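Undergrad: After the C-alpha cells below, expect a handful of questions from me.
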C-alpha cells in the first residue's frame, strides 16, 4: 500500500501491513510485547506484588495478605530521523521511493527499539532515554516483587555459551513466580545461531539438531524454537551504552514472560514529506522525508526475565 501525501501533516506508515510486518520482523519487543495505548506522555499501569493464600481455619478471620502493590510508569520517548532525496530521484515515482524508505525506516526503528528496551547497560538518567532497559533493570533490586539485583543476569565469561549455562539461565525463570509456558518467549542475537549449532555432546555430536526444513530441534513446524519455546532473532540484542540500531556490544539471549514486556503506544511510526517546491529544500532542490514514532517501555517484573550474555 503506497503512502499518499494528500494534505499536510504526519502520515502513519504503520497502517501499511507491509511496514507492520517489517517492524515485527526487526523488533521482537514490538512483536511480543504487551501493548498499552497511551493518550499522554506518561501512563501508570498497576503492578501487583502477588497474593499469598494460606489455610483458613474454621471460624477464624481469613489470612491477610501483605504483598506490596505499586504501578509501573510508561514514559514515552521519541524515535526519529530524516532522509534527503534529490528532486530528480523523486520526480518519476514518489510513492515508490517513500514506500522503500518507509520499509528501511521500519527496519532501523525495529532494531533500535529492541536495543534501547533490552540492551542499554546504563540507567535512563545516563543514557538519555525516557525509560530503563531490561538489562539495566536486571542489575537493580526490586523490593516490591522481591527481585535481587543481578540474580537473573548471567555473563558467560571465557567459557562461552554452553548447553549448561543456556539451561541454567532459562531455569531461573522456569522456577520463578512469573513463569507461564504459554507466554514464554526467547529473544536472541543472530550470532547465537552459530553458537547453538556448535554446541556438541561428549561424542562430538551436535546437541541442537535441525530438521530437513531448518526448524531447530528437529521439529516439523515453521516456527524456530529453543527448549520448546518460541524464539525470534533480533539484531538489537547486544549491549550498548546509549542505544543504537547497530549496537557493537556483547550479544545476549533473553528468556522471559512476554506479558511483562510493557510497550506504550503513543504515536505509531509515521512519515512527513517536505517537498523541494515549497519546503525547506527549495534552496538545494531536495525533498526531505521525516520519520518519527513515540513509544514507551517498562518491565512489569524483573523476575519474569533472565539474560545470558556471551563474551
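Undergrad: Taking the conditions exactly as written (in contact with a strand residue (DSSP E or B) (Cβ under 9 Å, 6 or more places away or on another chain), over 17 Å from residue 297 (Cα atoms), surrounded by fewer than 16 Cβ atoms within 10 Å (Cβ to Cβ) and at pLDDT 80 or above), does residue 12 satisfy them or not? Can you show your working first?
TA: Details: in contact with a strand residue (DSSP E or B) (Cβ under 9 Å, 6 or more places away or on another chain): yes; over 17 Å from residue 297 (Cα atoms): yes; surrounded by fewer than 16 Cβ atoms within 10 Å (Cβ to Cβ): yes; at pLDDT 80 or above: yes.
Considered against the rule, which asks whether it is in contact with a strand residue (DSSP E or B) (Cβ under 9 Å, 6 or more places away or on another chain), over 17 Å from residue 297 (Cα atoms), surrounded by fewer than 16 Cβ atoms within 10 Å (Cβ to Cβ) and at pLDDT 80 or above, residue 12 comes out as yes.
Undergrad: With the structure loaded, tell me whether residue 118 is under 30 Å from residue 155 (Cα atoms) and out of contact with any helix residue (DSSP H, G or I) (no Cβ under 7 Å at 6 or more places or on another chain) or whether it fails that test.
TA: No.
Undergrad: Here is a follow-up. Can you name every residue in region 86-107 that is at pLDDT 85 or above, surrounded by fewer than 19 Cβ atoms within 10 Å (Cβ to Cβ) and in contact with a helix residue (DSSP H, G or I) (Cβ under 8 Å, 6 or more places away or on another chain)?
TA: Of everything in region 86-107, those that are at pLDDT 85 or above, surrounded by fewer than 19 Cβ atoms within 10 Å (Cβ to Cβ) and in contact with a helix residue (DSSP H, G or I) (Cβ under 8 Å, 6 or more places away or on another chain) turn out to be 103, 107.
Undergrad: Any residue in region 78-91 that is without any contact (Cβ under 8 Å) to a residue 12 or more places away in the chain and on the phi > 0 side of the Ramachandran plot sitting within a Cβ distance under 9 Å of a residue that is assigned to a helix (DSSP H, G or I) and surrounded by 13 or more Cβ atoms within 10 Å (Cβ to Cβ)? List the pairs, counting only those 6 or more apart or interchain.
TA: Nothing qualifies.
Undergrad: So, one more: For region 32-45, does any single residue satisfy the condition of being surrounded by 10 or more Cβ atoms within 10 Å (Cβ to Cβ), at pLDDT 80 or above, touching a helix residue (DSSP H, G or I) at 6+ places or on another chain (Cβ under 8 Å) and not in a strand (DSSP E or B)?
TA: Yes - at least one qualifying residue is present in region 32-45.
Undergrad: Could you list, ordered by first residue, the pairs with Cβ atoms under 6 Å in which the first is in region 137-162 and without any contact (Cβ under 8 Å) to a residue 12 or more places away in the chain and the second is not in a loop (DSSP other than H, G, I, E, B), at least 6 apart or interchain?
TA: Listed by first residue and then by second, the contacts come to nothing, as the list is empty.
Undergrad: Can you tell me which of 239, 162 is surrounded by 12 or more Cβ atoms within 10 Å (Cβ to Cβ), farther than 30 Å from residue 126 by Cα and modelled with pLDDT of 85 or more?
TA: Of the residues listed, the single one that is surrounded by 12 or more Cβ atoms within 10 Å (Cβ to Cβ), farther than 30 Å from residue 126 by Cα and modelled with pLDDT of 85 or more is 162.
Undergrad: Looking only at region 178-197, how many residues end up being at pLDDT 90 or above and more than 18 Å from residue 307 (Cβ to Cβ)?
TA: Selection size over region 178-197: 4.
Undergrad: Restricting attention to region 125-146, and to residues there that are modelled with pLDDT under 95 and touching a helix residue (DSSP H, G or I) at 6+ places or on another chain (Cβ under 6 Å), which single residue is surrounded by the fewest Cβ atoms within 10 Å (Cβ to Cβ)?
TA: 142
Undergrad: Which of the residues spanning region 278-308 are part of a strand (DSSP E or B) and either more than 16 Å from the chain's Cα centre (by Cα) or at pLDDT below 85 (or both)?
TA: Initial filter on region 278-308 (part of a strand (DSSP E or B)): 286-299, 305-308.
Selection gives 286, 287, 288, 289, 290, 291, 292.
Undergrad: Going by the conditions given, is residue 111 within 16 Å of residue 11 (Cα to Cα) and within 29 Å of the chain's Cα centre (by Cα)?
TA: Considered against the rule, which asks whether it is within 16 Å of residue 11 (Cα to Cα) and within 29 Å of the chain's Cα centre (by Cα), residue 111 comes out as no.
The values are calculated or read from the model by the stated rules, or taken from the named source; none is laboratory data. In this text, all values refer to a predicted model and were calculated from it rather than measured experimentally. Quick reminder, even Gly has a Cβ in these numbers, built from the backbone with ideal geometry, and neighbours come from all protein chains shown.
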